[in-house]
Amino acid sequence: MENKAAATWSGERQQFYDAINQHSMSPLWEVLHALVPNSPNTPCLPFHWKYSDVRPYLMLSGQLITAEEAVRRVLIFENPGLRGQSCITQSLYAGLQVIMPGEVAPSHRHTQSALRFVVEGHGAYTAVDGERTKMQPGDFIITPSWAWHDHGHHGRANSHGRTGNEVDETVVWLDGLDIPMLRFFDSGFAENDDATSQKVTRPEGTNIYKFGANMLPLRHDTPFGQTSPIFSYPYARTREALHNLEHHEEVDAWDGVKLRYINPATGGSPMPTMATFMQRLPAGFNGKPYRQTDGAVFSVVEGHGSISIEHQGKAFVYEFSPRDHFVIPSWHTARISSPTGCVLFSFSDRPVHQSLGIHREERMS
């Protein structure tokens, strides 16, 4: 009798589910634990992109399509747990962009915020809202939301794409954008410029002269809204600060020497949706494990090391080298080590977590 009653109830429930389905409704109790889990349960997976494996395809793409034809010649880092969605975490996009000597990536603007972190090469520039900045390896550059921007390369290419001159090298940089986040909010807009390259209206370095000396103009405006008025953060300054701190301050047991880039007008993150960091791990550093709710994307600037990542009984270990990239998903336990010392750039969606009051971090012994 009990089995018969259970079968009856089961059948009645299914009829009920089928009926409400016709009205585009579903029962919460069937999905509650998935919607409100005990801890973050991201579909994202850790992954390591070795530059030695990736670079040949980047160079080949430069032979197959021009920067102008592609608009942005980029190979996207797709998280293996999110294939086909053009994202590295559920909220962030990342990829490597290539520009060859003599090329221009045409001017456009979009509501998505973007960062550029230069990985390789010399001779290229980025123009933002009428001002150009040279792109040097290790530089962190912003293209703010809804600001006109284009990229170009002053160099000259021979038949083999190289001239031997430093300023005529192919340039590669890491693109980081909040594309998936804006897609979630259905708030993405874009516009192409009438001109391939925007007109330069200010001398190079103007943004740094005005906002980069720990001072602000007395009556300044905020040209890019909530985004930093500095759009180019040179690596030379950052590297000097990291190495000096390594020798004069206590090294953090989890992060080594880690600095965050800031918006000098507010002290907050350079962009409202993305935080950026640079850290130096001294030689012999063996970091303690930590985890945080913001998934993070890393670019190896200098040196070698290893990253171990654990989650729900699964372990991943990657040996990294200069120009490699890897992703640590949300709430995955990570620890970084470096026998020789290294420098790492990273970015995440931490500002959004903090604004919503949902950011959490655990540092373990």
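Close amide H pairs (under 5 Å, H built 1.01 Å from N) link Phe140 with Tyr233, Tyr235, residues at least 5 positions away or on another chain. Surface composition of the chain: carbon plus sulfur atoms contribute 52% of the solvent-accessible area (1.4 Å probe, protein chains only, all chains present).
Of the residues Ile309, Ile20, Ile141, the one that moves most in a GNM of the chain with alpha-carbon contacts below 10 Å is Ile20. For a quick check, take a GNM of the chain with Cα springs below 10 Å and name the residue from His33, His311, His247 with the largest mean-square fluctuation. Comparing His33, His311, His247 in a Gaussian network model of the chain, the most mobile one is His33. Counting Lys and Arg as +1 and Asp and Glu as -1 over every other residue whose Cβ lies under 12 Å from the Cβ of Leu45, the net charge comes to +1.
What do you get when you divide the Cα radius of gyration of the range 68-157 by 2.2 N^0.38 Å, with N the number of residues?
For the range 68-157, the normalised Cα radius of gyration is 1.11.
Remark: C-alpha extents of the range 292-365 on the principal axes read 38, 27, 20 Å, sorted largest to smallest.
Springs between Cα atoms under 10 Å define the GNM used for the chain, and in it the highest mean-square fluctuation of Phe184, Phe345, Phe77 occurs at Phe184.
Taking every DSSP helix (H) stretch of at least 4 residues in the chain, weighting each as -39,500 (n - 2.57) and dividing the sum by the residue count yields a mean residue ellipticity at 222 nm of -6000 deg cm²/dmol. Dipole magnitude for the chain: computed about the Cα centre from +1 point charges on Lys and Arg Cβ and -1 point charges on Asp and Glu Cβ, it is near 320 debye.
Measure nothing but the geometry: give the 0 to 90° angle between the long axis through the Cα atoms of 235-248 and the longest principal axis through the Cα atoms of the chain, rounded to 10°. The angle comes out at about 70 degrees. For the chain, the longest principal axis of the Cα atoms and the long axis of helix 51-64 meet at an angle of about 70 degrees. For the chain, with equal point scatterers placed on the C-alpha atoms only and solvent neglected, what are the log10 I(q)/I(0) values from the Debye formula at q = 0.06, 0.08 1/Å, to two decimals? The Debye formula, applied to the Cα set alone, gives -0.27, -0.45. Projecting the Cα positions of Ala265, Gln279, Trp173 onto the charge dipole of the range 163-303 (unit charges on Cβ atoms of Lys, Arg, Asp and Glu, taken about the Cα centre) puts Ala265 furthest along the positive direction. Per residue, the solvent-accessible area of the chain (1.4 Å probe, heavy atoms of protein chains only, all protein chains present) comes to 51 Å². Restricting attention to the chain, lysine pairs at least eight places apart or on different chains and with alpha-carbon atoms under 19 angstrom apart total 4.
Give me the one-decimal Kirkwood hydrodynamic radius in Å for the range 144-264, with the sum taken over alpha-carbon pairs. Walk me through the numbers before you get to the answer.
Numbers: mean 1/r = 0.0536 Å⁻¹.
One decimal place: 18.7 Å for the Kirkwood radius.
Compute and list, largest first, the equivalent-ellipsoid semi-axes of the range 187-319 from the alpha carbon gyration tensor, each √(5λ) rounded to a whole angstrom. Spell out each step's value before the answer.
Working: eigenvalues 228, 88, 44 Å².
Working through the eigenvalues yields semi-axes of 34, 21, 15 Å.
The values are calculated or read from the model by the stated rules, or taken from the named source; none is laboratory data. Since the model is a prediction, treat every value here as computed from it, not as a measurement. Cβ coordinates were reconstructed from backbone atoms using ideal geometry, including for glycine residues, and neighbour counts include every protein chain displayed. Surface accessibility is based on the protein's heavy atoms, side chains included, excluding ligands, DNA and RNA. Shrake-Rupley method; radii C 1.70, N 1.55, O 1.52, S 1.80 Å.
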